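Beneath this line is the structure, given in structure tokens, with notes to follow.
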Amino acid sequence: MSGVLVCSDLDRTLIYSASSMALTGPDETMPRLLCVEFYQGAPLSYVTETAARTLETLAAGATLVPTTTRTPEQYARVHLLEKPPAYAICANGGHLLVDGADDADWSSAVRARTAESGVALAEVQERLAATGGDFVLKRRSASGLFAYTVVDRAALPGGWVDDLTGWCAERGWRTSLQGRKVYCLPESLTKAAAAAEVARRTGATTTLAAGDSLLDIELLEAAGAAIRPAHGELHDTGWSSPGTAVTAAAGIAAGEEIADWLLARATDA
Ligand SMILES: [Mg+2]
């Protein structure tokens with residue numbers, strides 16, 4: 001497995017909140033779970049115990065890089081492995097953590113690149129403020145790079161995300177709808193660019209990837225082989241690619257399947 005780089009998204013790919021784990025089978029088939037994130041005094045995210053063991057084995061032999069749209073602060077709450085990974089990609093590629101510390105050179109290079117393309121974050125935030133309604137529960141910006149809005153999905157007006165997506169596309173930005181969050185990001189801010197940087201630094205000869213959202217597409221397509229779960233934004237939009245496998249299961253069982261698949265592929269490499 002040495003020389004193998006594994007870049008995996010976290011939320012709804014490897015880790016699951018109670019609302020996303022989709023445990024629908026009979027109680028006796030319910031897997032035992034390990035809590036990997038605690039927030040505001042309560043457990044929030046989980047993996048199955050089996051997936052946790054698989055990921056430990058994977059991380060012992062390959063370079064396993066959590067590759068997330070979470071900010072470094074949001075990522076810091078996640079304890080996926082016993083020993084924190086040497087590399088983590090946060091803010092959709094806007095931050096590269098090396099042994100837990102932000103790589104300042106990478107951050108400033110990304111900021112210089114995103115500043116050159118498309119409109120500024122402030123303009124996107126103005127648009128979000130001007131077109132919102134009661135369905136908008138929170139507006140946030142992340143790492144000074146992108147914006148996200150927490151919405152009431154049940155009250156979200158039909159076409160609102162499509163209109164926003166169209167507006168963003170004309171300005172070099174894109175959107176992603178994940179659970180209760182609507183993200184707006186510069187098109188140049190990608191997980192794939194940060195993953196390529198980690199591959200360069202580690203001298204990786206093989207890369208594997210996993211992810212569930214529109215923000216993971218470049219990462220999945222750049223990898224030698226990839227997998228996505230049978231749920232989430234990519235699944236809902238029917239996205240497929242010759243190099244990307246799809247799990248049989250959905251929900252937290254898909255997370256376990258993804259961990260198994262990554263370990264098997266890394267072992268073969
Ligand atoms: Mg995800």
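The values are calculated or read from the model by the stated rules, or taken from the named source; none is laboratory data. Remember, it's a predicted structure, so these values are computed and weren't measured experimentally. Cβ: placed from backbone, ideal geometry, glycine included. Neighbour counts: every protein chain shown. Accessible surface is based on the protein model in full, side chains and every heavy atom, while ligands, DNA and RNA are left aside. Shrake-Rupley method; radii C 1.70, N 1.55, O 1.52, S 1.80 Å.
Numbers at a glance
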{"item": "Residue tally, condition more than 16 Å from the ligand (Cβ to nearest atom), in contact with a Ser or Thr (Cβ under 6 Å, 6 or more places away or on another chain) and under 25 Å from Ala195 (Cβ atoms), over region 25-69", "result": "1"}
{"item": "Hits in region 97-122 - residues which are surrounded by fewer than 12 Cβ atoms within 10 Å (Cβ to Cβ) and part of a helix (DSSP H, G or I)", "result": "Ala104, Asp105, Ser108, Ala112, Glu116, Ala122"}
{"item": "So Gln74, is it without any contact (Cβ under 8 Å) to a residue 24 or more places away in the chain, within 16 Å of the ligand (Cβ to nearest atom) and of a type outside the set (Gly, Ala, Ser)", "result": "yes"}
{"item": "Region 1-24, residues that are open to solvent by 50 Å² or more (accessible area, probe 1.4 Å) and within 13 Å of the ligand (Cβ to nearest atom)", "result": "Arg12"}
{"item": "Pair list, Cβ < 9 Å and 6+ apart or interchain, from region 8-20 residues that are farther than 18 Å from Thr54 by Cβ to residues that are open to solvent by 50 Å² or more (accessible area, probe 1.4 Å) and near the ligand (Cβ under 10 Å from one of its atoms)", "result": "Ser20/Arg12"}
{"item": "Helices (runs of 4 or more DSSP H) (entirely within region 155-269) containing at least 2 residues that are under 29 Å from Ser143 (Cα atoms), away from the ligand (no atom under 15 Å from the Cβ) and not basic (Lys, Arg)", "result": "160-169, 191-202, 217-222"}
{"item": "Candidate set: region 123-146, residues that are hydroxyl-bearing (Ser, Thr, Tyr) and modelled with pLDDT of 90 or more; chosen: the one least open to solvent (accessible area, probe 1.4 Å)", "result": "Thr131"}
{"item": "Among (1) surrounded by 14 or more Cβ atoms within 10 Å (Cβ to Cβ); (2) out of contact with any His (no Cβ under 8 Å at 6 or more places or on another chain); (3) part of a strand (DSSP E or B), the one test that Ile89 misses", "result": "(2)"}
{"item": "Failed criterion for Pro84 (all others in (1) touching a residue at least 40 places away in the same chain (Cβ under 8 Å); (2) open to solvent by 10 Å² or more (accessible area, probe 1.4 Å) hold)", "result": "(1)"}
{"item": "Looking only at region 146-175, and only at residues there that are hydrophobic (A, V, I, L, M, F, W, C) and touching a strand residue (DSSP E or B) at 6+ places or on another chain (Cβ under 7 Å), the one that is farthest from Val110 (Cα to Cα)", "result": "Val151"}
{"item": "For Val65: the one exception among (1) open to solvent by 30 Å² or more (accessible area, probe 1.4 Å); (2) closer than 27 Å to Ala147 by Cβ", "result": "(1)"}
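Table: residues versus (1) modelled with pLDDT under 95; (2) polar (S, T, N, Q); (3) open to solvent by 60 Å² or more (accessible area, probe 1.4 Å).
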site	(1), (2), (3)
Arg153	yes, no, yes
Ala194	no, no, no
Thr202	no, yes, no
Ala223	no, no, no
Ala226	no, no, no
Pro229	no, no, no
Ala254	no, no, no
Ala259	no, no, no
